[in-house]
1. Please state which of the following conditions LYS159 fails to meet, knowing it meets all the rest: (1) surrounded by fewer than 23 Cβ atoms within 10 Å (Cβ to Cβ); (2) in contact (Cβ under 8 Å) with a residue 60 or more places away in the chain; (3) under 22 Å from GLU208 (Cα atoms).
2. Would the stretch 231-253 turn up any residue that is aliphatic (A, V, I, L, M), over 23 Å from THR146 (Cα atoms) and either touching an Asp or Glu at 6+ places or on another chain (Cβ under 7 Å) or modelled with pLDDT under 95 (or both)?
3. Only residues that are polar (S, T, N, Q) and either surrounded by fewer than 21 Cβ atoms within 10 Å (Cβ to Cβ) or under 23 Å from the mean Cα position of the chain (by Cα) (or both): list them for the stretch 162-203, please.
4. If TYR290 satisfies every condition in (1) in contact with a His (Cβ under 9 Å, 6 or more places away or on another chain); (2) within 20 Å of LEU218 (Cβ to Cβ) but one, which is the exception?
5. Tell me the residue from TYR253, TYR269, TYR240, TYR214 that is under 24 Å from THR326 (Cβ atoms) and out of contact with any Gly (no Cβ under 7 Å at 6 or more places or on another chain), please.
6. Does SER224 satisfy the condition of being at pLDDT below 95 and out of contact with any strand residue (DSSP E or B) (no Cβ under 7 Å at 6 or more places or on another chain)?
7. PRO356 passes all but one of (1) under 30 Å from VAL401 (Cα atoms); (2) under 19 Å from the mean Cα position of the chain (by Cα); (3) modelled with pLDDT under 80; which number fails?
Amino acid sequence: MDVNSFLIGLTKGRASGRLNIAYGDTAPEDTTKLWVKTDRPSAVHITNELPDRVVGQGSELISTTISPRLGSQPIQPACGVVGNKIYVLGGYTEIKCFDTEINAVSTLSATLPERRCAMAYATVGNKIYMFGGYPNTGATGTTYNTILRFDADTGTVEKLTTVVPVTMMDMTAQAVGTKIYIFGGRESASNSSVHSNLILRFDTETEEFFGDVYESLLPIQVASMASALVGNKIYLFGGYEKGVGTSKKIMEYDPETHKARLLETTLPYPTQHALAATAYGNEVYIIGGYDNGYSSTIRRFFAHTERCELLSTYAAFAIHKGVAATIGDYIYILGGSRNTSNDYIGQIYKYGYTVPQGELLLVISTSGHVVKLLETPGATVSGRVWKVYRGDPNDASERVVFATYRNGAWTEYNA
């Protein structure tokens, strides 16, 4: 029997099968068993969904508060990852740099040329491009159609001569290779303003837009979406839809065909706009948002199955208009606002995976070691065990030594 992922509880008298696993420091007499050199856990999780990242079913998202804070970084900045650094640009005019290796925040000497928030943004190489936007709360002025380029190597900002074909704020963007794709938006801060269903294409090599603006359109007119890139597909989440209000819809855009489609899957309740999103392997995490109230919910979208679920883990605060980024095996949530008084959150939160206390995670893959794992009436489940963890699956120090009986002796792995 081949199994992708399942959870086996070890409560007495309730299991219909028997785990073929021995625990402790003493080798079992039964040499068919998987010998795991740790105390007996309360439950065992077995997965092969994402063996390269060692996450997926059976792991729990946990939050760590990072210090120092961003400071008084306001809502709706731009965000970009270059190496191990996360740059948070605008809201006002400041540019902050968060170094994830040393947990340090610095303020750059360079600034944006004007107060600007609600931009579309994307990173290509060491450059972060920002499109459109609006002067932030408290400022006056019209929506921008200009493009800013931040160079992380030189720490400088330049305003391009090319302008956005439409004057928009609350757009969202993703980069695929050297091309940036920009979606939706609205003409002003009013929900009654014109909402866009345009898909704009920008070439960072020429720093010009290309293609017919009206060649292909989104199925709906929408602003304030979150977006993420998985593989070569861009996924768009939620937003504020013209004539409908807050949306729970999910769309997929294929840059190769230049077509967008609505998925049957929708965001689980509550629906949201002004969310943050970041891709983590084949998954997308969609954080916070607003719909008649500020949300602290985190949803997980599985791109390969087009399924979306509401996690039991919540953000530390009800938050909207923040930004999110992924570096290595961790997700970071930065900035945003947590109430109608624009109580800006200058905090940074780091999220990673852990196996719940007292439980065990077995990861199986094609490169693992074959062993019989479970016996049930009429069936035997075998798998190739690759890694065994207690605690943080992404921390090598949390690995548990296991052994299988081969060629007349117990052979240890995972040390």
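The values are calculated or read from the model by the stated rules, or taken from the named source; none is laboratory data. Quick caveat, the model's predicted, so the values are computed rather than measured. Here the Cβ is made from the backbone with ideal geometry for all residues, glycine too, and neighbour counts use every protein chain on show.
1. Answer for LYS159: the failing condition is (2).
2. yes
3. Hits for the stretch 162-203 are THR162, THR167, THR172, GLN174, THR178, SER188, SER190, ASN191, SER192, SER193, ASN197.
4. TYR290 satisfies every listed condition except (2).
5. After applying the criteria, what remains is TYR253.
6. no
7. (2)
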